[in-house]
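The values are calculated or read from the model by the stated rules, or taken from the named source; none is laboratory data. All figures in this text were calculated on a predicted structure; none of them were measured in a lab. Methodologically, a virtual Cβ is constructed for each residue, glycine included, from the backbone with ideal geometry; neighbour enumeration extends over all protein chains shown.
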Amino acid sequence: MSEGQSNESAEPKRINSLLSISHDKDVDGLNSAAIVWRYAMSKGLQFNVNLTDYGAFEQVFSSVASRRETLIVITDLGMDETTQDVIIKSLTRAISQGCRVVWLDHHQWSEKSIKAILSLPNNPVLKINHDYCAAEIAQKVLMPRDDISAELAMIAHDTDFNLRDIPAATALTDAVSVLRFGAIDRREEVIDALHPVLSKLAENGLEGVWDSVSQKFKDQLLEKRVDHYRKEKAKKMRKALAGHSDHVLHNRLVRVVEIPSGLTSTDMGTFASDPENLKVDGENLEVADLLLMLSQGGMLGIRRGKETVMCNMAAKLFNGGGHPYAAGGEYGLYEDFQAVCDDIFQTLSNDKAWVIE
Ligand SMILES: [Mn+2]
């Protein structure tokens, strides 16, 4: 973790409100915001929250510039050199109006970006730690003695590290997707769609939204939507899997599939690694050693079914990177899926660095 001191101090004004900015895409971002909300409640600070995603920073951070005497807590979002100017400009303005900045994250930051935050006036706090998810960092830094925050952090960890040990955590992941995609489809604000769930999580933790006896959401409409979403998702993934292209390279089974719209490579990767799901057209497919998942935008999600390959080394061949067990790269826009597969197989056959001997 890194922390910085400023060289300049604004005149001491009382902080009376807290603005939380977090990632709208997943449970980690949502639970981080819920923990920050609990912190605001514990300190009697008036609370506002905005959830956002990469690409929409300009809009979110321009609203920050109008804040006064506010503690601005940013979670589960990384700053890089493309977003830095917009962010620093808004935060500098806010700080000149008596605000303070606390930034808690677990993504990869450049030295330059870290420096830019730590050079802000009024004692900015920046904690970056790759060993935890953002909600865990928020809990440790802001609410170390709060049981509900600890539970929220544990749930986020289960989803962010893709452990899937906690059914409620998986259900919450699907609920975030349902609400988020629903809002995007209807051109509504994602924050408005997520706000009811977020406020209940902040108020009562998981118990606010989840019935642990029936293992269902308390909100029956949400439960119905999640159930429907899961069924549709499974249907789509089965269909995508049926269109797979397999090839044995360097003695490893390599499989390429397309990711259906509205699904993530994590969804698809988890689905395709379960032998139960691999009964395709009356045939039992083997779990692939290396699975490459092509999204409509030409991005490649890469997972492995066995510890015989390294996803990150395969990703390197497609301008990407990641971990041995999960990685991502980029193929580029395409029209002919089969031609892409042949091209991917060719690239992987020319290089053996991804194979564990
Ligand atoms: Mn995260």
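If Cys133 meets every condition in (1) among the hydrophobic types (A, V, I, L, M, F, W, C); (2) buried (at least 17 other Cβ atoms within 10 Å of the Cβ); (3) modelled with pLDDT of 95 or more; (4) more than 16 Å from the ligand (Cβ to nearest atom) apart from one, which number is that one? Evaluating Cys133 over (1) among the hydrophobic types (A, V, I, L, M, F, W, C); (2) buried (at least 17 other Cβ atoms within 10 Å of the Cβ); (3) modelled with pLDDT of 95 or more; (4) more than 16 Å from the ligand (Cβ to nearest atom) leaves (4) as the failure.
Restricting segment 32-85 to residues that are part of a helix (DSSP H, G or I), aliphatic (A, V, I, L, M) and within 16 Å of the ligand (Cβ to nearest atom), the residue that is nearest to the chain's Cα centre (by Cα) is Ala33.
In segment 104-125, the residues that are β-branched (Val, Ile, Thr) reach residues that are exposed (fewer than 14 other Cβ atoms within 10 Å of the Cβ) with C-beta atoms within less than 8 angstrom, at least six apart or across chains, in these pairs: Ile114/Ser2; Val125/Glu3.
Filtered by the rule that a residue be part of a strand (DSSP E or B) and under 18 Å from Gly329 (Cβ atoms), segment 279-319 gives Leu290, Leu291, Leu292, Met293, Leu294, Met299, Leu300, Gly301, Ile302, Arg303, Arg304, Val309. Among the residues of segment 217-239, how many are more than 23 Å from the chain's Cα centre (by Cα) and of a type outside the set (A, V, I, L, M)? Looking only at that region, the number is 7.
Just checking, how many residues over segment 119-135 are of a type in the set (Lys, Arg) and assigned to a helix (DSSP H, G or I)?
Of all residues in segment 119-135, those of a type in the set (Lys, Arg) come to 127.
Now restrict to residues that are assigned to a helix (DSSP H, G or I): none.
Counting residues in segment 119-135 that are of a type in the set (Lys, Arg) and assigned to a helix (DSSP H, G or I) gives 0.
State all residues of segment 136-177 that are more than 13 Å from the chain's Cα centre (by Cα), among the aliphatic types (A, V, I, L, M) and either assigned to a loop (DSSP other than H, G, I, E, B) or within 12 Å of the ligand (Cβ to nearest atom) (or both); if no residue qualifies, say none. Answer for segment 136-177, where residues must be more than 13 Å from the chain's Cα centre (by Cα), among the aliphatic types (A, V, I, L, M) and either assigned to a loop (DSSP other than H, G, I, E, B) or within 12 Å of the ligand (Cβ to nearest atom) (or both): Ile137, Ala138, Met143, Ala153, Leu163, Ile166. Comparison of Ser199, Ser214, Ser177 shows that the only residue that is outside the structural domain of Val125 (by TED's automatic domain parsing) and modelled with pLDDT under 95 is Ser177. In segment 14-28, the qualifying residues are those that are β-branched (Val, Ile, Thr) and outside any loop (DSSP other than H, G, I, E, B), and the one that is nearest to the ligand (Cβ to nearest atom) is Val27.
Among the residues making up segment 89-108, those that are more than 18 Å from Asp28 (Cα to Cα) and either within 16 Å of the ligand (Cβ to nearest atom) or small (Gly, Ala, Ser) (or both) are Ser90, Ala94, Ser96, Gly98.
Scanning segment 52-70 for residues that are of a type in the set (A, V, I, L, M) and touching a residue at least 24 places away in the same chain (Cβ under 8 Å), which turns out surrounded by the most Cβ atoms within 10 Å (Cβ to Cβ)? Once the filter is applied, the top-ranked residue is Val64.
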